[in-house]
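First the structure, in the form of structure tokens, and then the observations on it.
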Amino acid sequence: MLVGREDPADNEPFRHPPETSMFPSYYACSSCHEKFEFAFREAWYYVGMEPVGNQVAYDDLLSVNIRPAWCKDCDCLCLVEDIASVRVFEDAYGAARGGRKVDYPGDTEYMDAAGALKEIEDQLRWRMGRCQAPRALCCGGSRYQLMNVAQPLLKHAQCDFGVVEPKSCFVGAYCGPGPGERSPANLRVYDAEGDLIGLLTWNKREQRMWTVEALQYRLPVADD
């Protein structure tokens with residue numbers, strides 16, 4: 001059994017925010033206003049015991065905690081794995097066991113107590129087995145600059161005076177079908193160490209399964 005630290009006297013929600021908490025809608029140059037968007041905004045780990053086939057069960061997927069970054073290898077805005085220390089995961093597990101809400105490493109705001117505890121326990125189990133440092137999810141590399149820090153000061157290379165800044169826009173509630181219901185989804189799935197292994201496409205809600213297509217990082221081009 002996993003054991004996490006608890007502080008029964010502390011009834012506040014357990015939070016572990018990055019330096020700036022809001023995840024931006026996109027980024028733009030402060031001078032020329034060129035817009036930079038994320039190729040995708042959501043990712044999942046496959047944590048099942050069997051090799052991935054053409055379907056994966058809901059219960060074998062674990063959400064990837066993400067931070068915005070600029071990949072220096074791909075020269076693009078990307079997502080990077082947000083992996084805090086094991087102690088942070090243990091503290092979150094202790095908070096979930098004590099009935100407190102948690103927003104990292106999983107958001108339990110609207111979960112029942114059993115579902116919340118399972119989510120954080122699964123995250124802790126994954127973290128205890130993780131060996132790799134956080135990776136850029138566009139290419140699996142480690143050459144990136146985090147964007148949700150107090151002063152990233154990323155110079156826009158194509159502009160004399162501009163820096164790349166976060167922008168947010170309000171999007172109203174959506175009540176239509178979810179990803180994979182009427183058209184294929186575009187949800188990337190990774191193994192526990194952050195290697196890209198597939199793309200979730202069709203959501204089989206009744207069977208609690210996703211159809212998955214094989215997908216890998218592009219191999220680096222060798223220099224001639």
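The values are calculated or read from the model by the stated rules, or taken from the named source; none is laboratory data. The structure displayed is predicted, hence computed values, not measured ones. When we count neighbours, we look across all protein chains shown, and the Cβ atoms used for this are built from the backbone with ideal geometry, even at glycine. The area values use the complete protein model at the heavy-atom level, side chains included, leaving out ligands, DNA and RNA. Shrake-Rupley method; radii C 1.70, N 1.55, O 1.52, S 1.80 Å.
A compact table of results
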| quantity | calculated |
| --- | --- |
| Some residue of the stretch 161-171 being modelled with pLDDT of 90 or more and part of a loop (DSSP other than H, G, I, E, B) | no |
| Selected residue (only one of Ala222, Ala185, Ala192 is modelled with pLDDT under 95, in a loop (DSSP other than H, G, I, E, B) and open to solvent by 30 Å² or more (accessible area, probe 1.4 Å)) | Ala222 |
| Yes/no for Glu121 being touching a Leu at 6+ places or on another chain (Cβ under 9 Å), over 26 Å from Lys35 (Cβ atoms), of a type outside the set (A, V, I, L, M, F, W, C) and at pLDDT 95 or above | yes |
| Some residue of the stretch 133-146 being in contact with a Pro (Cβ under 9 Å, 6 or more places away or on another chain), at pLDDT below 95 and within 25 Å of Phe14 (Cα to Cα) | yes |
| Those residues of the stretch 105-123 which are farther than 17 Å from Val86 by Cα and either open to solvent by less than 40 Å² (accessible area, probe 1.4 Å) or in a loop (DSSP other than H, G, I, E, B) (or both), in sequence order | Asp107, Thr108, Glu109, Tyr110, Met111, Asp112, Gly115, Ala116 |
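For (1) of a type in the set (Lys, Arg); (2) open to solvent by less than 30 Å² (accessible area, probe 1.4 Å); (3) closer than 16 Å to Leu124 by Cβ, each residue gets a yes or a no:
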{"site": "Arg41", "(1), (2), (3)": "yes, no, no"}
{"site": "Trp44", "(1), (2), (3)": "no, no, no"}
{"site": "Gln55", "(1), (2), (3)": "no, no, no"}
{"site": "Asp60", "(1), (2), (3)": "no, no, no"}
{"site": "Ile66", "(1), (2), (3)": "no, no, no"}
{"site": "Cys78", "(1), (2), (3)": "no, yes, no"}
{"site": "Glu90", "(1), (2), (3)": "no, no, yes"}
{"site": "Ala96", "(1), (2), (3)": "no, yes, yes"}
